[in-house]
Every structure is written in C-alpha cells, then in structure tokens.
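Q: Structure in structure tokens, see below.
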Amino acid sequence: MTILLIRQPSPDPLPVPAQLAGHAIHCAHCATLPALLQCLHEARLSAADWVLIEAAAVEPAQWMEHGQALCAALDALPAPYIEMAANDDGGLDTHLHPQHAPAATVVCSSGRADACRLSLAIAERRLLAAAGRA
C-alpha cells in the first residue's frame, strides 16, 4: 500500500513522513511534463493507492506538445489523486480537463510546504475513512 508524491525538484527538499495511515510514501521528482508523464505511468504500474501531484509551471508549448498524452495518463490512473498548484490557472485540471478529475485541488499561495502538508492531510483522512477509522 503506497502513496506516490510527485513533486518538483528542489535544492531544499520538503520533509515528508515515511508513511501515512499505514501507507508508505514514495517520492518522485518531475520538473517537466514529459517527466510527469513518466511518473504517472510508473504510478499506474506500481498500483499506488493515492497519487499527490505538485504541478510545475510550464510553458504553453509544453501543454500543446504533451497535453493529450498527459490527459490520457491521468485518465488511466487507477487511484485517486490530489493536485497541488501555486495558483488557480496553473494546474493540470485547468489545462487538460481529464475525465478522471482530481479528488481535490490544493491551491496554496503560502508555499509548497503548506500545500504538501494539506494534501497529505486530505489523503490521510480519506484513507482512514476508507478503512473505517476516521
């Protein structure tokens, strides 16, 4: 049972707990849409129980080039996902409109650390509720 946290590379990585609600947390770092696409394929193959995605700011040309494949990868995810975005118009759902929409979109102007903590708290609450422990 795993949670995959896909986030942007950072010189100061944010601390993340080793597990949450009995699920191991695995981190992947993706700075571009092609890298995100690869991470989403890996999430599908590893059968992660939840996927948390920190959307990176990318140029419009990347959305044009990789958007369709990225949308298909989100739709193919067998697990729910939470999207973290720096602003209302920078997220995956805004650009792609996948059929498999996020369970939550966290837009947190106070910083990446707060967005990550809030996303982990949402995932934990949903996992505990599914296990009947909420």
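Q: Could you tell me which residue of the range 9-63 is nearest to LEU77 (Cα to Cα), considering only residues that are among the hydroxyl-bearing types (Ser, Thr, Tyr) and touching a strand residue (DSSP E or B) at 6+ places or on another chain (Cβ under 9 Å)?
A: Narrowing the range 9-63 to residues among the hydroxyl-bearing types (Ser, Thr, Tyr): 10, 32, 46.
Okay, now just the ones that are also touching a strand residue (DSSP E or B) at 6+ places or on another chain (Cβ under 9 Å), so 10, 46.
On the way: SER10: 26, SER46: 11 Å.
My answer is SER46.
Q: Which pairs do you get when a residue that is touching a residue at least 12 places away in the same chain (Cβ under 8 Å), found in the range 1-22, comes within reach of a residue that is in a loop (DSSP other than H, G, I, E, B) and β-branched (Val, Ile, Thr), reach meaning Cβ atoms under 8 angstrom, with the pair 6+ apart or on two chains?
A: Correct list of pairs: LEU5/VAL16.
Q: Let me ask you something else. When residues of the range 84-126 are filtered for being farther than 19 Å from THR2 by Cβ and assigned to a loop (DSSP other than H, G, I, E, B), how many remain?
A: 14
Q: Sort out which residues of the range 68-107 are surrounded by fewer than 19 Cβ atoms within 10 Å (Cβ to Cβ), under 17 Å from VAL58 (Cβ atoms) and among the charged types (D, E, K, R), and write them in order of number.
A: If the condition is that a residue be surrounded by fewer than 19 Cβ atoms within 10 Å (Cβ to Cβ), under 17 Å from VAL58 (Cβ atoms) and among the charged types (D, E, K, R), then ASP88, ASP89, ASP93 are the ones that fit.
Q: With the requirement that a residue be free of Cβ contacts under 8 Å to residues at least 40 places away in the same chain, crowded, with 19+ Cβ neighbours inside 10 Å and not in a loop (DSSP other than H, G, I, E, B), what does the range 40-61 give you?
A: LEU40, ALA43
Each value in this text was obtained by applying a stated rule to the coordinates, not by laboratory testing. Being a predicted model, the structure only gives us computed values, none of them experimental. Cβ sites come from the backbone with ideal geometry, for glycine too, and all protein chains shown count toward neighbours.
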